[in-house]
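Novice: Before we start, here is the structure in question, set down as structure tokens.
Just so it is clear, none of the values below were taken in a lab; they were calculated from the coordinates. Nothing here was measured: the structure is a model prediction, and the numbers come from that model. When we count neighbours, we look across all protein chains shown, and the Cβ atoms used for this are built from the backbone with ideal geometry, even at glycine.
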């Protein structure tokens, strides 16, 4: 089985709201780690992530 790709997002050390930023990144990483087929959609308002939607597809072969 191939290795899973990793999420890598660079951020500045002095970014405001660092704790919330880390929480958002953790939620995105968790969604990507568990998703096999589907999509992850982030909704951004005024430069801030306000919603994370995960749609999972089930494939039957």
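Novice: State the extension gain, in nm to one decimal, for the chain segment bounded by residue 20 and residue 40, taking 0.36 nm per residue of separation less the distance between their alpha-carbons.
Specialist: Here the segment from residue 20 to residue 40 would lengthen by 5.3 nm.
Novice: For a quick protection proxy, order the peptides 32-39, 44-51, 21-28 by their average other-Cβ count within 10 Å, most packed first.
Specialist: Packing proxy ranking, top to bottom: 21-28, 32-39, 44-51.
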